[in-house]
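First comes the structure, then the notes that go with it.
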Amino acid sequence: MKKLSLSFSMMTITALLSVPAFAASDYSTGISFSIPVLITGVVLLLIVQYIFYRLLERKFRNKQAELEKIISKKNEEIKKINEKTEALLANVLPKDTAGELMARGKVSKTRYNFVTVLFSDIQGFTQIAEEMNPEVLIDELDKFFFHFDSVVEKYRIEKIKTIGDAYMCAGGIPEKNRTNPVEVVMAALEMQDYMNKLKEESMSRGIKYWDIRIGIHTGTVIAGVVGQKKLSYDIWGDTVNIASRMESSGVGGKINISGTTWEFVKDFFECEYRGKMPVKYKGELDMYFVKGILPELREENGMPNKKFRFMLQLLKLQDLEEKAGKIYLEEAHPNLYFHNAQYAMGIATQAELLAIAEEMPPEDYVPLKLASVFLLSGYFREYENPAPASCRMMEETLQGFGFDEHFVNRARELIINSFENRYETDSDRILHDARYDYLGRVDFVKLSGKELRERNEHGIKTEAGEWIDAQEKFIYEHDFLTGTGRLLRSVSIEEQLVRLRGKTY
């Protein structure tokens, strides 16, 4: 509109200026005027019109800016409210459960087949409550439970609820894992140690102390959200009942675990067999008192040593491999015909086999396994620059698993070395043979054709003849480097070359 008004004004002025100047008279009124005067009046009118338009435009812009500020402020307020809501839900419900609730408005019940449930309560709490000031009582309980919350968070355990003096939590939900029996017992030992220190302090001051009983059992549970107005994440099932019985059948200051849990933790902890103990509604069940970490797996201060952490990380590797497999299936693009999830996870399996056959030292196995799981993951995100992308994906996925940093750093080196064709250590050589295992298999030519198709669809155009020449050279450059790798070769290099030359792409 602005351009149209200005254009019209300029046309008007131009037209008027093209008329020869002359004096004119209005015979009916006797008023005389000249063309210059008329032009001056029109120009003044246009100037006033332009100024008025500019003022309106400025006012509109100011009003628009004010509205944008108001909208931006409202959006920030809504964002903060949403963040507070999400934070509140995260404190009440597990993260994934809270997300499902916000997205669907409800949460489905889930069955978990491998969960470790912990119950704890204060021995003689009823008597203590009768003798203690209510405010002091609540403050003391709050102090205990606050510390317990920090412990269960440290070990990736889900707090379920508190009922009076009872504290309930469970490992293996909502994220399934194989390490939850060990982690729950570790948490119980830290709770026990904390209460023992308070007990010693109270005894030295000559005041009453609090003794805690802890019971643990491992099994199947159903988990979900109950209620509509006051939401509560809870678990149900026989496992919960038995864990409660373990606690009630225990002794103050001790950790009582079932025979089932003992089977999963006996390689980590020193336990005292109590025999078969009667449990209400369950008959007789094996029970054990946990005395602490096995002597060969602990430091002088009783904390886990390097060997303990290594054994735990071996268990975590299996959980990590499952998690990575799920991520790959979700992220791998359909046109990854060669560098797909199946190939990526196959490298991890082959690396494990070769490591066992080559009698790899345990301390080298964890970084090798990490590197083998994530070696090809970079192709899912950055096809033409996969090495750094693989390292980033590994670091993202490892968050929360608690792997030692030197293992992660070594795994990163192995990934980089593999892409840069550096094979300096046994780990490098095993990873090489795991990655290029297909070169010695009967399906090599078929996989080679898939890789060619994949490269062409990703913009790396290669002619069939050029590709065959490159593959012939590639086979020689990547012959197997370990004795086991050479032993497992089912098709010789010469035979592969014959098959390759006879292939029509």
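Figures for the structure shown
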| read-out | value |
| --- | --- |
| Subset of segment 179-191 (residues that are buried (at least 19 other Cβ atoms within 10 Å of the Cβ) and in a helix (DSSP H, G or I)) | Asn180, Pro181, Val182, Glu183, Val184, Val185, Met186, Ala187, Ala188, Leu189, Met191 |
| The listed residue being under 26 Å from Lys446 (Cβ atoms) and either of a type in the set (Asp, Glu) or not assigned by TED's automatic domain parsing to the domain that holds Thr425 (or both), out of Glu331, Glu322, Glu358, Glu363 | Glu331 |
| Criterion violated by Met394 - all others in (1) outside any helix (DSSP H, G or I); (2) over 16 Å from Leu336 (Cα atoms) satisfied | (1) |
| Residue list for segment 275-315, filter: closer than 30 Å to Glu363 by Cβ and aromatic (Phe, Trp, Tyr) | Phe308, Phe310 |
| Residue in segment 262-279 that is of a type outside the set (Ser, Thr, Tyr), more than 35 Å from the chain's Cα centre (by Cα) and closer than 30 Å to Asp319 by Cα present | yes |
| Test: residue in segment 386-399 that is among the β-branched types (Val, Ile, Thr) and touching a residue at least 60 places away in the same chain (Cβ under 8 Å) | yes |
| Residue among Leu398, Leu368 that is crowded, with 17+ Cβ neighbours inside 10 Å, under 18 Å from the mean Cα position of the chain (by Cα) and not aromatic (Phe, Trp, Tyr) | Leu398 |
| Only listed residue being over 30 Å from Glu183 (Cα atoms), surrounded by 15 or more Cβ atoms within 10 Å (Cβ to Cβ) and among the aliphatic types (A, V, I, L, M), chosen from Leu481, Leu414, Leu487 | Leu481 |
| Filter result (in contact with a Lys or Arg (Cβ under 7 Å, 6 or more places away or on another chain) and either part of a helix (DSSP H, G or I) or among the hydrophobic types (A, V, I, L, M, F, W, C) (or both)) within segment 404-432 | Ser418, Asp428 |
| Filter pass, Arg453 being over 18 Å from Pro361 (Cα atoms) and surrounded by fewer than 16 Cβ atoms within 10 Å (Cβ to Cβ) | yes |
| All positions within segment 159-189 that are among the β-branched types (Val, Ile, Thr) and touching a residue at least 24 places away in the same chain (Cβ under 8 Å) | Ile160, Ile173, Thr179, Val182, Val184, Val185 |
| Any chance Met277 is in the same structural domain as Ser120 (by TED's automatic domain parsing), assigned to a strand (DSSP E or B), modelled with pLDDT under 95 and on the phi < 0 side of the Ramachandran plot | yes |
| Given (1) in a helix (DSSP H, G or I); (2) without any contact (Cβ under 8 Å) to a residue 60 or more places away in the chain, index of the condition Glu382 fails | (1) |
| Filter result for the condition that a residue is out of contact with any strand residue (DSSP E or B) (no Cβ under 9 Å at 6 or more places or on another chain), surrounded by fewer than 19 Cβ atoms within 10 Å (Cβ to Cβ), in a helix (DSSP H, G or I) and at pLDDT 80 or above, over Ile138, Ile81 | Ile138 |
| Hey, Leu314 under 22 Å from Glu183 (Cβ atoms), in a helix (DSSP H, G or I), of a type outside the set (Gly, Ala, Ser) and touching a residue at least 24 places away in the same chain (Cβ under 8 Å) or not | yes |
| Residue in segment 248-259 that is out of contact with any Gly (no Cβ under 6 Å at 6 or more places or on another chain), part of a helix (DSSP H, G or I) and either exposed (fewer than 13 other Cβ atoms within 10 Å of the Cβ) or in the same structural domain as Met191 (by TED's automatic domain parsing) (or both) present | yes |
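For every residue, the table says whether it meets (1) touching a helix residue (DSSP H, G or I) at 6+ places or on another chain (Cβ under 8 Å); (2) at pLDDT below 90.
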residue: Asn177; (1), (2): yes, no
residue: Val185; (1), (2): yes, no
residue: Asp193; (1), (2): no, no
residue: Gly227; (1), (2): no, yes
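Quick grid of which residues meet (1) β-branched (Val, Ile, Thr); (2) modelled with pLDDT under 90; (3) part of a helix (DSSP H, G or I):
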| position | (1), (2), (3) |
| --- | --- |
| Tyr209 | no, yes, no |
| Ile214 | yes, no, no |
| Gly219 | no, no, no |
| Ile222 | yes, no, no |
| Tyr233 | no, yes, no |
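The values are calculated or read from the model by the stated rules, or taken from the named source; none is laboratory data. In this text the structure is predicted, and so the values were computed from the model without any measurement. Here Cβ is always computed from backbone atoms with ideal geometry, including for glycine, and neighbour counts include all displayed protein chains.
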